[in-house]
Amino acid sequence: MPLTPKQQKVLAALLREPTQKAASASTGVSDRQIRAYLSQPEFQEAYRQALSELVLEASFQARRGYAQALDALREIVVDPGQTPASRISAARSLLEYGLKLTEQADILVKLDELEKWRDEFSGT
């Protein structure tokens with residue numbers, strides 16, 4: 001069953017506002033009613049889906065800035081005008097993020113291999 005317009009308004013406020021109380025204030029819907037909505041499986045599912053989409057969009061936006069952020073760190077590392085502490089901090093960040101990204105890429109490759117193996121094994 002689709003959400004009512006009032007529930008959609010509350011859902012949007014829950015995603016936008018920092019607290020449930022703020023969502024209540026911005027929509028004029030009582031805290032008690034919002035808690036009631038949050039106890040309903042349909043509303044919970046809609047909230048989870050909307051939150052998932054919000055997180056996914058935020059991750060896409062963050063990824064768009066990776067190259068510029070890495071370039072800025074590299075510039076600091078090679079700039080002799082920067083303090084040694086700044087250069088070391090930038091180098092450390094480059095190494096940490098590089099290792100994390102490498103680990104994640106490796107995990108994704110392994111996961112893909114496991115999924116292929118599973119599909120072959122199950123005959124799908």
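The values are calculated or read from the model by the stated rules, or taken from the named source; none is laboratory data. Quick caveat: nothing in here was measured; it's all calculated off a predicted structure. As a convention, Cβ positions derive from the backbone with ideal geometry for all residues, glycine included, and neighbour counts pool all protein chains shown. Quick note on the areas: whole protein, heavy atoms, side chains included, nothing else; ligands and nucleic acids left out. Shrake-Rupley method; radii C 1.70, N 1.55, O 1.52, S 1.80 Å.
Classified by the C-alpha gyration tensor, the chain has an oblate form. Its axis ratio a/c, with a ≥ b ≥ c, is 1.5 or above, and a/b does not exceed b/c. Charges were assigned to the Cβ only: +1 to each Lys and Arg, -1 to each Asp and Glu. The resulting dipole of the chain about its Cα centre is roughly 640 debye. Candidate cross-link partners of Lys21 among the lysines, defined by an alpha-carbon separation under 26 Å and a same-chain spacing of 8 or more, comprise Lys6, Lys9.
What part of the accessible area of the chain, given as a whole %, is carbon or sulfur when the probe is 1.4 angstrom? Summing carbon and sulfur atoms, their accessible area is 60 percent of the total for the chain. For the chain, the residue among Ala46, Val77, Gln7 whose Cα projects farthest onto the positive side of the dipole built from Cβ charges is Gln7. Cross-link partners of Lys116 among lysines, defined as those whose alpha carbon lies under 26 angstrom from its own and excluding same-chain residues fewer than eight positions apart: Lys100. Taking the Cβ-Cβ separation of Ala12 and Gln61 as r and a Förster radius of 22 Å, what is the calculated FRET efficiency to the nearest 0.05? FRET efficiency, Ala12 to Gln61: 0.70. Excluding ligands and nucleic acids, what accessible area in Å² is computed for Leu54 using a 1.4 Å probe, to the nearest 10? Roughly 90 Å² of Leu54 is accessible to a 1.4 Å probe.
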